[in-house]
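The values are calculated or read from the model by the stated rules, or taken from the named source; none is laboratory data. All values reported here derive from a predicted model rather than from experimental measurement. We place every Cβ from the backbone using ideal geometry, glycine too, and count neighbours over all the protein chains shown. These accessible areas exclude ligands, DNA and RNA; they are computed on the full protein's heavy atoms, side chains included. Shrake-Rupley method; radii C 1.70, N 1.55, O 1.52, S 1.80 Å.
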Amino acid sequence: MAELNPFKIAQKELDEAAEYLKLDAGTHEMLRWPMREFHFTIPIKMDNGSIKVFKGFRVQHNDARGPAKGGIRFHPKETIDTIRALAALMTWKTAVVDIPLGGSKGGIICDPHELSDREQEQLCRGWVRQIFKNIGPVQDVPAPDVMTNPQHMIWMLDEYETLMGGKYPGVITGKPVGMGGSNGRTEATGYGVIFTLREALKTLDMEIKKTSASIQGFGNVAQYAAELFVKYGGKVVAASCWDDKDKTVYTYRRLKGIDPEFLQSITDKYGTINKDKASKEGYEVLGGDKWIEQEVDILIPAAIENQITKETVGKIHPKVKILAEAANGPTTPEADKVLFGREIYVIPDFLCNAGGVTCSYFEQVQNNMNYYWNREEVFSKLDHVMTNAFHSVDKKAREESIPNRLTAYLLSVQRVVDAMKLRGWV
Ligand code: NAD
């Protein structure tokens, strides 16, 4: 189905911005495609002695504003078009928060649930051996993403430094604290979501303490978004997750409000909530995608792409006022139009979840100085960047009466075009 091809969606969204900005055909074409793309194989000796060959990718969409930046995903259903779309999204994301970086993304087709730690380490090292000449602190800087974590980043860093014969902490971000990582990186994306949501509520004259939310996913982003939202006085009534044991999705609901800390304590490192422990504590276990149907003020998709589609958008309760897109690409263009028509305030993904890359940028800055900030300092700088970026989008969208997503595109595409023009590329 063409509509659900994430790269086609990303191109379509760009096309709309290009038309609005009246970009010339060459500049527009340059932005529709990645500047560079790498496809490679990674042979691994498995624990049982057999050799298994995995497929790896790295896509560098645009680096006019600085070194490319983007995560590495481990996913059994990874596709090159998903990686291309997410690489482009990184270009717009770094531009919308105005940090001096470009956009890239990478991945390996694999399911880490089925791999031992040793096999995962070999996969990380193998990925770096195939791409080390084309990444680096001044070229392209990877980071954790879906199903990758700080341990994976350290294995990659170690392989890179072994091959290069030196210390290059800035080659990769999302490192553990004490090993070149930044305080607050784990929380940064989720907290960033809530900083933008807090500002959106202010502009809509809604009091955060009187609002409720339903979240899709309970991984890294969702857990910290839930934590800060509850800390601000909001109520999260439901969170959903993929259950690998039962091979299905469950929504965990507690109408008086979930306890994020308790749910975190019974969630594994892949973001799967323990069903038995949750139901014992009085959480309702609902089947399927019930998170989207909840009678709440705010929906926070924080799992995977293409969740709010023309088929599911009608399930959104009339009470919902805000969609805070914590995940990348959760809404299809057709559903987006319905949301605009229903006057649901959308905080678009590449603005809403830019806290992670902003903190990664802070990590690189700290690596360069070899001097590290405390958590308060990191969160206060993060809040400043996210709040400014939110208001620049919100103000322009109101002035021009256009959707927030288009506005965010207009701001970021223009910044990238300006950089390309100054460099004499277009
Ligand atoms: P994660 O792997 O830690 O968690 C993903 C969560 O989604 C898990 O709880 C999983 O069970 C759940 N899930 C998977 N499929 C589902 C489904 N069909 N229905 C309901 N739940 C489902 O991932 P994460 O790091 O939290 O990332 C979540 C999203 O945020 C992704 O789209 C990612 O690209 C995006 N994102 C992450 C970061 C970051 O810093 N981690 C930064 C920017 C954007």
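All conditions in (1) assigned to a loop (DSSP other than H, G, I, E, B); (2) open to solvent by less than 10 Å² (accessible area, probe 1.4 Å) hold for residue 138, with the sole exception of (2). Checking each residue in region 354-385 for being touching a residue at least 24 places away in the same chain (Cβ under 8 Å), polar (S, T, N, Q) and either open to solvent by less than 10 Å² (accessible area, probe 1.4 Å) or outside any loop (DSSP other than H, G, I, E, B) (or both) picks out 358, 360, 364, 366, 367, 368. Tell me yes or no: at least one residue of region 232-251 is open to solvent by less than 10 Å² (accessible area, probe 1.4 Å), closer than 24 Å to residue 90 by Cα and within 15 Å of the ligand (Cβ to nearest atom). No, every residue in region 232-251 fails to be open to solvent by less than 10 Å² (accessible area, probe 1.4 Å), closer than 24 Å to residue 90 by Cα and within 15 Å of the ligand (Cβ to nearest atom). Scanning region 287-306 for residues that are more than 15 Å from residue 218 (Cα to Cα) and within 13 Å of the ligand (Cβ to nearest atom) turns up 287, 306. Given the criterion of a type in the set (A, V, I, L, M, F, W, C) and modelled with pLDDT of 95 or more, identify the matching residue among 4, 31. One residue alone meets the criteria, 31.
Pairing residues of region 212-234 that are free of Cβ contacts under 8 Å to residues at least 60 places away in the same chain with residues that are aromatic (Phe, Trp, Tyr) and in a helix (DSSP H, G or I), at Cβ distances under 9 Å and at least 6 apart in sequence or on separate chains, gives 224/191; 227/191; 228/191; 228/195. Across region 173-205, the number of residues qualifying as part of a strand (DSSP E or B) and in contact with a Lys or Arg (Cβ under 7 Å, 6 or more places away or on another chain) comes to 1. Would a scan of region 40-58 turn up a residue that is free of Cβ contacts under 8 Å to residues at least 60 places away in the same chain and within 16 Å of the ligand (Cβ to nearest atom)? Yes.
Entry remark, region 278-296: residues being more than 28 Å from residue 321 (Cα to Cα) and in contact with a helix residue (DSSP H, G or I) (Cβ under 9 Å, 6 or more places away or on another chain) number 2 in total. Return the residues of region 11-66 that are in contact with a helix residue (DSSP H, G or I) (Cβ under 8 Å, 6 or more places away or on another chain), among the basic types (Lys, Arg) and open to solvent by 40 Å² or more (accessible area, probe 1.4 Å); say none if nothing qualifies. Result: 12, 32, 36, 45, 65.
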